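The values are calculated or read from the model by the stated rules, or taken from the named source; none is laboratory data. Worth saying up front: this structure is predicted, and the values here are computed from it rather than measured. Cβ coordinates were reconstructed from backbone atoms using ideal geometry, including for glycine residues, and neighbour counts include every protein chain displayed. What goes into the accessible areas is simple: the full protein's heavy atoms, side chains included, and nothing from ligands, DNA or RNA. Shrake-Rupley method; radii C 1.70, N 1.55, O 1.52, S 1.80 Å.
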Amino acid sequence: MEIASKYDPHAVEDRWYAFWIEKKLFHSEPDDRQPYTVVIPPPNVTGVLHMGHMLNNTIQDVLVRRARMMGKNACWVPGTDHASIATEAKVVKMLKDQGIDKRGLTRDEFMKYAWEWKEKYGGIILQQLRKLGASCDWDRTAFTMDDIRYESVIRVFCDLYNKGLIYRGVRMVNWDPQALTAVSDEEVIYKESHGKLYYLRYMIEGEPGKYAVVATTRPETIMGDTAMCINPNDPKNTHLRGKKVVVPIVGRVIPVIEDEYVDIEFGTGCLKVTPAHDINDYNLGLTHHLESIDIFNDNGTLNDNGGKYAGMDRFACRKQIVQDLEEAGLLEKVEDYTNNVGYSERTNVVIEPKLSAQWFVKMRDISAKALEVVEDNTIRFHPEKFKNTYRHWLENIKDWCISRQLWWGQRIPAYYLPNKEVVVAPSREEAYRLACEKYPGVVKSADELVQDEDVLDTWFSSWLWPISLFDGIRNPDNKEIKYYYPTEDLITAPDIIFFWVARMIMAGEEYRKEVPFKNVYFTGIVRDKLGRKMSKQLGNSPDPLVLIDKYGADGVRMGMLLTAPAGNDLPFDESICEQGRNFANKIWNALRLVKGWAVSDELQQSHENELSIQWMEQRMACVLEEVERDFESYRLSEALMASYKLVWDDFCSWYLEMVKPAYGTPIDRETMACTLDIFEKLMCILHPFMPFVTEEIWHTLRPVCRAGQSIMTQPMPTSVFFDQRFLDEFTMAQEMVAGVRALRNTKGLSPKEALDLYVKGNAPLQFNGIITKLANLSKIETTKDKMDGALSFMVGTTECFVPVNININKEDEIKKLEEELKYTEGFLASVMKKLGNEKFVNGAPEKVVAVERKKQADAEQKIAALKAQIEALR
RNA sequence: GGGAGUAUAGCUCAGCUGGUUCAGAGCACCUGCCUUACAAGCAGGGGGUCACAAGUUCGAACCUUGUUACUCCCACCA
């Protein structure tokens, strides 16, 4: 059979993915096996695959595939998130491009367009995940706004409302003037920005010519000023007590109030108070019962309260008002100033604090248990340091603003009566019944009820995800939720620990009385070579599909995993995918080698081959133990590295060379069978990391037996007992081989020329045959005496001699030996110093002292040998 | 402003309870090889004051304190 000398992922990947789908190998149904459930962090339905998704989903796939091979009923549920703001913005833009203005549409018309858009363009990302090899149960694909999830969200809203955990209130919220909606605190990104600090003169009423100076970064908000505030302990402003001042330009007379909130050191110690447009001013307004004057329209332009500036954009107004102040002589000075300004995460416009009526979830009670289960490790965080972040947030938690002034989302099931009362119910009909019950005679038909215009925050759907995916809100006792919940591992990025992770834990406690997952694995953030976060704006993110095309899905998966320890940022450089690609090719060529061997039934298995197999199996057991430990502690990159070295070094570089028959000669059947077994097991170990190439090779190794089957469902090899002493002895044999090779290298001896090897001291005699083969020796003998005129090297305390025909440069040899002697003597000296220290000998554990004595003996022996060799050369 | 974390080879990282020849791995690099599986390869090799300083200890990459640098999170003083 002809096998191409280079592995070509293109020919393989799509074929096997189709095969897995066809055989329904990703699909899970509840059965007797132990469940292993993972829910995907639902990507935005509008999203396209980026490197963060690649990392995140590769990790999930590794865990899921491994669990499946370990005999668990693995279920990885995919889906997408409706992403209110992002999606609505995209649809609005699309409509605009078609010349349609959203404001000219009814809600229903808009929703129709939005759903059409979603059906047409949404979920591309799920298609892309297939290229990566993701073994999601696609039959279960869900959407946060499909019927089950929509209804679940509505039910939860009603339930929490009835429990008194949801309320409507007027609060200062973060207003996004572009998206025209409130956003939660978590969606505001503060960025340092360079602005100006304006010093404005507020004339004191009744004292002509006298004024107080106020420093502000936002002079346009003076129209909303309803007080000036000073600190009662501020000596420089005592003269302002009880006075009234005149707001510049506006002319309104406002009182001077006193509050310790004001920082005496900042500016002049005078603060203008604009309760409608600053959260701190708002709080001052509450304490001092100030009037609130809202000067902005929802889109960030000034409203009628802005007087002559009405209709202007807030930033244009700032410019104009500064000019007007200057002309009026009311601008004292302007300084450069750097402060933090909040931007909307979604639209990147400056957030405007705004008073408005919104719906909130009371967080205090609902969050208490959520802290506990993480503190007591019912849910484990990997890495653990994120517990700190989590604790800090929960201990300072604020109520969650869940209403959004958008159409794309679950519409809030609150209905207003003509008498301004509100009822909350899952449907208009039920709301009507409820209204009749609570306020008899107020409404005559359901049509009279006016439903709240707002939709719910997208996270208000996502927080139910692990439950709603299995319909556990609507049917809390159904078979699926009982089987699959709680899920096992959650893989997510640390930046949504509050948005999502914390809230899922709360929802889990509230609706299942149980945690939603047992482990949370926080991935790092994928950055570029310069350490910048990869983002669309910067254009520094490679297209994952192009990478897959270039290096193969297996290559990219491996590249990502190799440098991605949990919680560490991943400085991604495309070149690391090469390592993955090269590895796939390496295994591929091992396949070519093995498949090229002719098998003979006549041949007896040699002792060397038997030993080689024994070693390889033990070595595999040893590494498996390590891999299992790594998986238990979620150290995936280490598990992969250990597997990588097992295959490349132990299997390819050593084992295959050991059993490889001489060119043109066959291999015995027994060794061939064992080699295939080992090779298959290695493919199983690698399968979770590199699903495609391992499936292809697994089939090619034994095409007839494996037809119609998949490596996916093979049992994962587990570690068994291994003899460490045997492995150590082999290590010594390896060192002897390496010693001979090094001699050839430094002395320019051809690898083709067979050499003799004489060994003085301890040697792993049982491996002589193997050493002979790998080092290309004609013979290997033990000797009691050192040999003159031969090249030499040492393995531990064992001396090895290789007689050669070339002239030995005695000076060079002596120099080399003397260097080693010097090092060993230094080493011995440090050992002796330790052993000479009474406190050490008495204080250290016996075992440690014994080790030191062994070091001493070995070093002394080595020094004697080196000295003798030098002497002989002289 | 508050908190957390990190600092080990050119790069990315291991290094567990302080003690094994403990200073490691992979990549990169250097040298020699197209050896009939693989140059996406083989064989061999060089490379680190474990950020800095002090302390604890018989013994410190590891524990303590301080210093410096970087990263992240939270808060949002106009």
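A few notes on this one:
- Computed E for A:Asn339/A:Asp259 - FRET, C-beta separation, R0 25 angstrom, nearest 0.05: 0.75
- Chain A: angle of helix A:428-438 to the longest principal axis, Cα-based, in degrees nearest 10: 50 degrees
- Here chain A has 50 percent of its accessible surface on carbon and sulfur atoms, given a 1.4 Å probe and all protein chains in place.
- Cα principal axis extents for the stretch A:556-631, largest first, Å: 56, 28, 14
- Each label was represented as a point 7 Å from its Cα along the Cα-to-Cβ direction; for A:Asp543 and A:Asp495 these points are 2.3 nm apart.
- Amide H contacts for A:Asp146 (H built 1.01 Å from N in the peptide plane; partners 5 or more residues away or on another chain; cut-off under 5 Å): none found.
- Label-to-label distance, nm, for residues given as A:Arg391 and A:Glu116 (7 Å Cα→Cβ offset): 5.5 nm
- Acute angle (nearest 10 degrees) that the helix A:691-701 long axis makes with the longest principal axis of chain A, alpha-carbon atoms: 30 degrees
- A:Arg725/A:Ala872 FRET efficiency (R0 45 Å; Cβ-Cβ; nearest 0.05): 0.85
- DSSP loop chymotrypsin sites (Phe, Trp or Tyr not before Pro) with at most 15 other Cβ within 10 Å: longest gap in chain A: A:267-662
- Nearest 10 degrees, 0 to 90: helix A:51-69 Cα axis against chain A principal axis: 60 degrees
- Loop-located trypsin sites (Lys or Arg not before Pro) in the stretch A:492-532 whose Cβ has at most 12 other Cβ within 10 Å (DSSP): A:Lys513, A:Lys529, A:Arg532
- Taking the helices alone, chain A has a mean residue ellipticity at 222 nm of -13500 deg cm²/dmol, built from -39,500 (n - 2.57) per DSSP H run of at least 4 residues and averaged over all its residues.
- For A:Lys196, the residues whose amide H sits under 5 Å from its own are A:Tyr337, ignoring neighbours fewer than 5 places away on the same chain, with H placed 1.01 Å from N.
- Straight-distance candidates among the aspartates and glutamates for linking to A:Lys747, with alpha-carbon spacing under 13 Å and chain neighbours fewer than 8 residues away dropped: A:Asp812, A:Glu813.
- Cβ charges +1 (Lys, Arg) and -1 (Asp, Glu), total dipole of chain A, debye: 580 debye
- Calculated on the alpha-carbon coordinates, the convex hull of chain A measures out at 256 cubic angstrom per residue.
- Among the trypsin sites (Lys or Arg not before Pro) in the stretch A:759-838, those located in a DSSP loop and surrounded by at most 16 other Cβ atoms within 10 Å of their own Cβ are A:Lys784, A:Lys786.
- Annotation: per residue accessible area for chain A equals 46 Å², rounded to a whole number [probe 1.4 Å, protein chains only].
- Global form of the stretch A:456-598, assessed from the alpha-carbon gyration tensor, a/c cut-off 1.5: oblate
- Working from Cα pairs under 8 Å separated by at least six residues, relative contact order for the stretch A:337-412 is 35 percent.
- Entries of A:Lys118/A:Lys444; A:Lys810/A:Lys854; A:Lys102/A:Lys163; A:Lys786/A:Lys854; A:Lys120/A:Lys420; A:Lys118/A:Lys513 with Cα pairs more than 30 Å apart: A:Lys118/A:Lys444; A:Lys810/A:Lys854; A:Lys102/A:Lys163; A:Lys120/A:Lys420; A:Lys118/A:Lys513
- For A:Leu469, residues with placed amide H under 5 Å, excluding near neighbours: none
- Separation of the A:Asp146 and A:Asp812 label points, Cα + 7 Å toward Cβ, nm: 7.3 nm
- Straight-distance crosslink candidates among aspartates and glutamates, where the alpha carbon sits under 17 Å from A:Lys6 and sequence neighbours closer than 8 are dropped: A:Asp549, A:Asp554, A:Glu578, A:Glu695, A:Glu696
- Contact order relative to length of chain A, as percent, for alpha carbon pairs under 8 angstrom and 6 or more apart: 12 percent
- Restricting the stretch A:164-265 to trypsin sites (Lys or Arg not before Pro) in coil, as DSSP defines it, with at most 13 other Cβ within 10 Å: A:Arg241
- A Förster distance of 56 Å, applied to the separation of the beta-carbon atoms of A:Asn475 and A:Val349, puts the FRET efficiency at 0.85.
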